[in-house]
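A.B. asks: Before anything else, here's the structure in question.
The values are calculated or read from the model by the stated rules, or taken from the named source; none is laboratory data. A quick note: this is a predicted structure, and the numbers were derived from the prediction, not measured. Neighbour counts are summed over all protein chains in view; Cβ atoms, including those assigned to glycine, are modelled from backbone coordinates with ideal geometry.
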Amino acid sequence: MQIPIHEVPVLIVGGGATGLAASILLSRLGMRSLLVERHVGTSVPPLATGLTTRTMELFRHWGIDTRIRDYVLDVDISVSRGQTLAGVERHREALGFPTADQARAVSPAQPVICSQEFVERALRDLAGASPLAELRFDTQLVSLSQDATGVDAVVRVGISGRESRIRAQYVVAADGVASAVRRHVGIPMLASTRTIDYLAVTFRASIDHLARGRRCAVYAIEHPDVNGLLVPTSRGGRWVLCMPYDPAREPRLVRDLPALADKVRTAVGVADLHVDVIEASTAQGATQVAERFRAGRVFLAGDAAHELDPLHGMGMGTGIQDVNNLAWKLAAVLQGWGGRSLLDTYESERRPVAVRNAARSNGALQQLSGLALDMGFGYVSSAVIGEPGAMRGGVDEPATVAAPGRRAPHFWLQHNGRRISSLDLFGQGFVLLAGPEGDAWIEAAAKVSLAWSAHIDTVVLNERSLGSNAVERWTSHMGLDPRGAVLVRPDGHVAWRSAGLRSGAVASMTAVVATVLGRDGEESRTLTGTVLHPAYAPSRRSA
Ligand SMILES: Cc1cc2nc3c(=O)[nH]c(=O)nc-3n(C[C@H](O)[C@H](O)[C@H](O)COP(=O)(O)OP(=O)(O)OC[C@H]3O[C@@H](n4cnc5c(N)ncnc54)[C@H](O)[C@@H]3O)c2cc1C
């Protein structure tokens, strides 16, 4: 019997946080996608709990931050060290996250502690709500091959074993540390630490009160018999004990529920504690980054591309930012407004971030604040037009002034009668922010948008939006002359800025857009008679 073929522009393999975020982002950009996840549902056990400021910025933008807040734990985002949970605290150290006030100074969002399973459920519901996204759980990718025009994948459904074929233009491999896709395309991981085995025990016990007023996100247990991390994961007394272990020495431990309950009692420090072990699983961990993030039409993202130390709480956020970077590039190429070379910039922009986060995992770069790591980096690639002498790559505190390659700064403004963050303007196309006297850039953007079929939304930052000190605020946020302009990419990073108005705004914008979209050397065309995808129909708006 012939296996049916399903054609789709983008196949996403893996329904963890990275894959689900990819599905949401592609739908928001008007792209169809199919996600396959081998498990019947989202993540169990709950692993990640720390959500960074930048992650929460995106969740706020997608409207799921309030739902996630229902599950947020009211804890100090730090690690408390001691021999047991009930014992005396020996030391407290920050987890590298900013305080709410530090985050508030640069962002409309704050970092939170919320278990991964609640996050993934919220992401799954949002992803599944789009008619452009198909989510197939209980479906495993079993093989993959590619040719010059696309990728062929075979997927198999749960216990029925029914197989189907998928033909996709591009594949996002978000299938985790043990990525089968990565193996299929032959990309090695470059490990910078030795691999360790660990055991995660999810359990329920009434122990919240034992932390005695030092409610922390993580408790590092330094007991002679149990060396591991105790992590609260819900408001209802569910915790995880994560500890290194030796499968050769204790091969049966993972199934030995009484022995696991004893480990929990030792870590907690209460010998007769009632413990319900819900689940136990083993995994291997190392700090490692894939040698390449791309093989032809296949892109690695999330843990499939980089594995980071769990204690630094950056794995999930780094994966979500990977696909925030990749999704608009895929949409641009598939919808015809980006050149193929735009896709090369995914690896050149995201791999250095992963390498840097891996270095932090290994104890380097301790001088950098959590905020700097989370969003103070700059991309250097052909999708960014740098300024001579300006810092473009590297890591710094999050910019409060727009700089090419960096996340565009957050500031509050009035827009259509509402108070919004500047970040609320980004996500669905390019956005040109023009200074109070930058009208010529607005007109140029409208023309270039039509000529290149690229969606460029325009916003004038003037007295109505920024108040009576508009010029001063514009200068402080953008560091520009009132006649200047800033072009922001759909991922919220600055593509280019112009200090003031030079003659030939249309010619300048044309060159900028052609370079950023990887369409250098192409003749731009007028679009008479061409129908744009509704998501990309140019519009003009003014704050
Ligand atoms: C103990 C621990 C604590 C952590 N704490 C934090 C934290 O506080 N903050 C943080 O940001 N990160 C943390 N992390 C890291 C975080 O959990 C990961 O970075 C994150 O889960 C990666 O998401 P992902 O979607 O890339 O991969 P995964 O979550 O691994 O998802 C991959 C998915 O792909 C599916 N899959 C695999 N193969 C196939 C196939 N062939 N076909 C179909 N589907 C497939 C899997 O079933 C899985 O659902 C922690 C990790 C651990 C282990």
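A.B. asks: Hey, does the range 97-116 have a residue that's farther than 30 Å from residue 62 by Cα, touching a strand residue (DSSP E or B) at 6+ places or on another chain (Cβ under 9 Å) and buried (at least 17 other Cβ atoms within 10 Å of the Cβ)?
C.D. replies: Looking through the range 97-116, none of the residues is farther than 30 Å from residue 62 by Cα, touching a strand residue (DSSP E or B) at 6+ places or on another chain (Cβ under 9 Å) and buried (at least 17 other Cβ atoms within 10 Å of the Cβ).
A.B. asks: Does residue 181 meet the test of being closer than 30 Å to residue 298 by Cβ, among the β-branched types (Val, Ile, Thr), more than 25 Å from the chain's Cα centre (by Cα) and within 12 Å of the ligand (Cβ to nearest atom)?
C.D. replies: No; evaluated as a whole, the condition is false for this residue.
A.B. asks: I would also like to ask the following. When you scan the range 51-68, do you find a residue that is aliphatic (A, V, I, L, M) and within 9 Å of the ligand (Cβ to nearest atom), even just one?
C.D. replies: yes
A.B. asks: List the residue pairs whose Cβ atoms are under 7 Å apart, where the first residue sits in the range 412-427 and is at pLDDT 90 or above, the second is assigned to a loop (DSSP other than H, G, I, E, B) and of a type in the set (Phe, Trp, Tyr), and the two are 6 or more positions apart or on different chains.
C.D. replies: 422/411
A.B. asks: To continue, here is another question. Filter the range 485-513 for residues that are without any contact (Cβ under 8 Å) to a residue 60 or more places away in the chain and crowded, with 23+ Cβ neighbours inside 10 Å and give the result.
C.D. replies: Within the range 485-513, 485, 487, 498 meet the criteria.
A.B. asks: Answer yes or no as to whether residue 210 is closer than 30 Å to residue 226 by Cα and touching a helix residue (DSSP H, G or I) at 6+ places or on another chain (Cβ under 8 Å).
C.D. replies: yes
A.B. asks: Could you check residue 322 against (1) crowded, with 20+ Cβ neighbours inside 10 Å; (2) free of Cβ contacts under 8 Å to residues at least 40 places away in the same chain and say which number it fails?
C.D. replies: Here residue 322 clears every test but (2).
A.B. asks: Please go through the range 140-165 and give me each residue that is surrounded by 16 or more Cβ atoms within 10 Å (Cβ to Cβ), of a type in the set (Val, Ile, Thr) and farther than 21 Å from residue 39 by Cβ, ordered by number.
C.D. replies: The one that is surrounded by 16 or more Cβ atoms within 10 Å (Cβ to Cβ), of a type in the set (Val, Ile, Thr) and farther than 21 Å from residue 39 by Cβ: 151.
A.B. asks: In the range 291-319, which residue that is of a type in the set (A, V, I, L, M) and more than 12 Å from the ligand (Cβ to nearest atom) is farthest from the chain's Cα centre (by Cα)?
C.D. replies: 295
A.B. asks: Tell me, which helices (runs of 4 or more DSSP H) wholly within the range 428-507 include 3 or more residues that are closer than 23 Å to residue 406 by Cα?
C.D. replies: 439-451, 470-478
A.B. asks: So, in the range 166-190, of the ones that are small (Gly, Ala, Ser) and part of a loop (DSSP other than H, G, I, E, B), which residue ends up surrounded by the fewest Cβ atoms within 10 Å (Cβ to Cβ)?
C.D. replies: 186
A.B. asks: Six or more apart or on different chains, Cβ atoms under 8 Å: show the pairs whose first residue is in the range 7-23 and free of Cβ contacts under 8 Å to residues at least 40 places away in the same chain and whose second is more than 8 Å from the ligand (Cβ to nearest atom).
C.D. replies: Once the first residue is free of Cβ contacts under 8 Å to residues at least 40 places away in the same chain and sits in the range 7-23, no partner that is more than 8 Å from the ligand (Cβ to nearest atom) comes close enough.
A.B. asks: Among the numbered conditions (1) within 16 Å of the chain's Cα centre (by Cα); (2) surrounded by fewer than 22 Cβ atoms within 10 Å (Cβ to Cβ); (3) within 11 Å of the ligand (Cβ to nearest atom), tell me where residue 123 comes up short.
C.D. replies: In the conditions (1) within 16 Å of the chain's Cα centre (by Cα); (2) surrounded by fewer than 22 Cβ atoms within 10 Å (Cβ to Cβ); (3) within 11 Å of the ligand (Cβ to nearest atom), residue 123 misses (2) alone.
A.B. asks: What's the number of the condition residue 14 fails, among (1) surrounded by 18 or more Cβ atoms within 10 Å (Cβ to Cβ); (2) more than 9 Å from the ligand (Cβ to nearest atom); (3) on the phi > 0 side of the Ramachandran plot?
C.D. replies: The single condition residue 14 does not satisfy is (2).
A.B. asks: Looking at the range 354-371, which of the residues that are surrounded by fewer than 19 Cβ atoms within 10 Å (Cβ to Cβ) and in a helix (DSSP H, G or I) is farthest from the chain's Cα centre (by Cα)?
C.D. replies: Ranking the candidates gives 359 first.
A.B. asks: Here is a follow-up. Could you check residue 93 against (1) at negative phi; (2) within 16 Å of the ligand (Cβ to nearest atom); (3) touching a residue at least 40 places away in the same chain (Cβ under 8 Å) and say which number it fails?
C.D. replies: The single condition residue 93 does not satisfy is (3).
A.B. asks: Mind checking which strands (runs of 3 or more DSSP E) fall wholly inside the range 103-161 and carry at least 3 residues that are within 19 Å of residue 21 (Cβ to Cβ)?
C.D. replies: Those strands (runs of 3 or more DSSP E) span 133-136.
A.B. asks: Sticking with this one: Scan 190, 144, 210 and give me the residue that is within 13 Å of the ligand (Cβ to nearest atom) and either at pLDDT 95 or above or at negative phi (or both).
C.D. replies: 144
A.B. asks: Test each condition in (1) out of contact with any Gly (no Cβ under 8 Å at 6 or more places or on another chain); (2) within 30 Å of residue 182 (Cα to Cα) for residue 302 and report the one that comes out false.
C.D. replies: The one condition residue 302 does not meet is (1).
A.B. asks: Working only within the range 92-102, note down all residues that are assigned to a helix (DSSP H, G or I) and either among the aromatic types (Phe, Trp, Tyr) or over 13 Å from residue 370 (Cα atoms) (or both).
C.D. replies: Listed by number, the list holds a single entry, 101.
A.B. asks: For residues that are of a type in the set (Gly, Ala, Ser) and surrounded by 17 or more Cβ atoms within 10 Å (Cβ to Cβ), scanning just the range 465-484, find the one that is modelled with the highest pLDDT.
C.D. replies: Ranking the candidates gives 484 first.
A.B. asks: Applying the selection to the range 320-332, what residues are within 11 Å of the ligand (Cβ to nearest atom) and either assigned by TED's automatic domain parsing to the domain that holds residue 452 or charged (D, E, K, R) (or both)?
C.D. replies: Answer for the range 320-332, where residues must be within 11 Å of the ligand (Cβ to nearest atom) and either assigned by TED's automatic domain parsing to the domain that holds residue 452 or charged (D, E, K, R) (or both): just 322.
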